[in-house]
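Here is the structure we will look at.
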Amino acid sequence: MTISMPRYCERSVPELLPTTAELLVQGGDARIELDAKGLNKYGCRPTPDSGLLAFGSSTSSDVSAAGFAAADNLRRRILLNDGAESQAAIYERELNRMRRELSGLCGVGDMDGVECVFAASGTDIHLIATQLVVANAQGDVPLVIMVDAAETGSGVPAALAGRPSNSRSTLGETVAEGAPMADEVAVEVVAVPLRQVDGNVRATAEVDAEVAALVSGAVATGRRVLLVLADVSKTGLIAPSLSCVMALHRRLAGDMEVLVDACQFRLAPATVRAYLERGFMVALTGSKFVSGPSFSGALMLPASSARRLRWRTLPHALANYSCRADWPASWASADALGYVANPGLLLRWEAALEELRQFRTLPEADITVFLQAFSDAVHGRLMRDPLFEPLSVPPLDRRALHEAAHWDRLQTIFPFLLYRPTADGREALSTQETREIYRLLQADVSGMFEAAAPDDLPGLRCQLGQPVSCGYRDGVPVTALRLCVSARLVVEAIQGREQAAQVISQALAALDKTAMLVAAVRGGR
């Protein structure tokens, strides 16, 4: 097999190991590549950027100073190996350590039989999960049911169908974008919309009824079903409802698997544990709420799924996305994958784990107090300004899963549309205008203004979540920006009362600059 990126296998040549910054952008698909400005597709750098107000964790985050230091220390430990072990052996050993630590930080370290598969991204996790469920499938074409790609990721439908959404695979292979990864397995993917044409949330009962009909109809004809539950989506939704999914799973457990798309990782340990206890697979990433660098994924499998799936033959083409050490030692079927290493993935997870370690030391009561204060301040600012329209986000209802109230019941993603005043009211900014404001938020735009605005708003560099398609206003397609709180910001805030006030003040400043830019668009500057 010809490989276009470095694969570290049986040779051990420490001096060939790239720098930490270089490794953080290796071992992913083309989205991780840097442009001429040194940014990946999500506008993030592979080095710390202390001058950025980072409220875009629903998309991705720059690596923090602490995360970068943790990744750099791991790289240095690898260099100290000095040829005693192959890079593939080091990779396997370090991933096993991370597997144990991630399980502990998720509150499932004591659960017998829970397994963890690592991957470079949430998209790759969806691809792997589908291949596990449909591998060796007999009979009619399996059905995968997901929520609208606008709420999950543009590449997710293709990944669930076993079709690469990118021309370069995780491990550097050139692949046929959109072509089936495995010719012998056909998969049908159906997406259920969560919002109406005007962007408002569809009724929960309506979404649940559509999902239940799809599942029941497929099972009745002998088809295998993978149901993807979003918790939480790009705009902060849980869908379908937990009560719907759990009722379907109780009735049809022999014919369906459930994958919880928790790639935002906005879950308390008790919630992750409850999902696994009910036999659901859980997809996580370290690059959203946890605020590690882009491209670090993990698939947590409950004991019941692991016992059933570990013997399934994996498609040969999966070797383009996954190597042997990414899988637990007990998965004999993974022996067909390459004994190689992806040090970029290793360092990105090390940086993410450093963020998660710090977050897990915080008292849950303190987290709850801060998140409520943050929510009140941000929601109040959005509601008071006619330039903004906060999108409706229903309460995060997980009572069907567990009765205990944890911090993850609170909103941490705040989506909103942008408006300009008109003679008879206001009109929504177009998708193109919103994207331009998203871009300008990240830049020092002092040159756009004749005089400095209060608090030097033009000079602030602010990152929000990328615009998300949210239907139409007066026949014009619109997108929502998203202001988000991350684990890193919570850690920063809980260091003291003044720090909490500062984090909230910075969030409001990001909204102030957004409003200023909307006014500039209105004024035609």
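Within the stretch 189-202, residues that are at pLDDT below 95 sit with their Cβ atoms under 9 Å from residues that are among the aromatic types (Phe, Trp, Tyr), at 6+ positions apart or across chains, in these pairs: VAL197/TYR472; ASP198/TYR472; GLY199/TYR472.
Of all residues in the stretch 392-417, none satisfies the criterion of being within 15 Å of GLY199 (Cβ to Cβ) and without any contact (Cβ under 8 Å) to a residue 24 or more places away in the chain.
Can ALA70 be described as modelled with pLDDT of 95 or more, farther than 30 Å from GLU277 by Cβ and in contact with a helix residue (DSSP H, G or I) (Cβ under 6 Å, 6 or more places away or on another chain)?
yes
Inspection of the stretch 321-340 identifies at least one residue that is more than 25 Å from ASP110 (Cα to Cα), part of a helix (DSSP H, G or I) and either at pLDDT 95 or above or of a type outside the set (S, T, N, Q) (or both). Checked across the stretch 274-297, the condition of being aliphatic (A, V, I, L, M), part of a strand (DSSP E or B) and modelled with pLDDT under 95 holds for no residue.
Based on this model, can you work out whether LEU227 counts as buried (at least 23 other Cβ atoms within 10 Å of the Cβ) and at pLDDT 95 or above? Against the criterion (buried (at least 23 other Cβ atoms within 10 Å of the Cβ) and at pLDDT 95 or above), LEU227 qualifies. Scan the stretch 84-92 and tell me whether some residue there is at pLDDT below 90, surrounded by 19 or more Cβ atoms within 10 Å (Cβ to Cβ), touching a helix residue (DSSP H, G or I) at 6+ places or on another chain (Cβ under 8 Å) and not acidic (Asp, Glu). Yes, the stretch 84-92 contains at least one residue that is at pLDDT below 90, surrounded by 19 or more Cβ atoms within 10 Å (Cβ to Cβ), touching a helix residue (DSSP H, G or I) at 6+ places or on another chain (Cβ under 8 Å) and not acidic (Asp, Glu).
Only strands (runs of 3 or more DSSP E) whose full extent lies in the stretch 413-525 are considered here, and the ones with at least 1 residues that are farther than 30 Å from LEU237 by Cβ and modelled with pLDDT under 90 are 413-422. Summed over the stretch 2-42, residues that are of a type in the set (S, T, N, Q), surrounded by 13 or more Cβ atoms within 10 Å (Cβ to Cβ) and at pLDDT 85 or above total 3.
The condition (being over 27 Å from LYS288 (Cβ atoms) and in contact with an Asp or Glu (Cβ under 7 Å, 6 or more places away or on another chain)) is satisfied by just one residue among ALA70, ALA88: ALA88. Among the residues of the stretch 50-72, write down those that are surrounded by fewer than 18 Cβ atoms within 10 Å (Cβ to Cβ) and within 18 Å of TYR438 (Cα to Cα). Listed by number, the list holds a single entry, GLY51.
Per this entry, GLU177 is counted among residues that are modelled with pLDDT under 80 and either surrounded by fewer than 20 Cβ atoms within 10 Å (Cβ to Cβ) or in contact with a Gly (Cβ under 6 Å, 6 or more places away or on another chain) (or both). Only one entry in ASN342, ASN320 is under 28 Å from ALA65 (Cα atoms), crowded, with 21+ Cβ neighbours inside 10 Å and not β-branched (Val, Ile, Thr), namely ASN342. For the stretch 275-290, a residue qualifies if it is in contact (Cβ under 8 Å) with a residue 60 or more places away in the chain and in contact with a Phe, Trp or Tyr (Cβ under 9 Å, 6 or more places away or on another chain), and the qualifying residues are MET281, LEU284, THR285, GLY286, SER287, LYS288, PHE289, VAL290.
The values are calculated or read from the model by the stated rules, or taken from the named source; none is laboratory data. Given the structure is predicted, the values throughout are model-derived calculations rather than measurements. Using ideal geometry, Cβ is built from the backbone for each residue, glycine included, and neighbour counts are taken over all protein chains shown.
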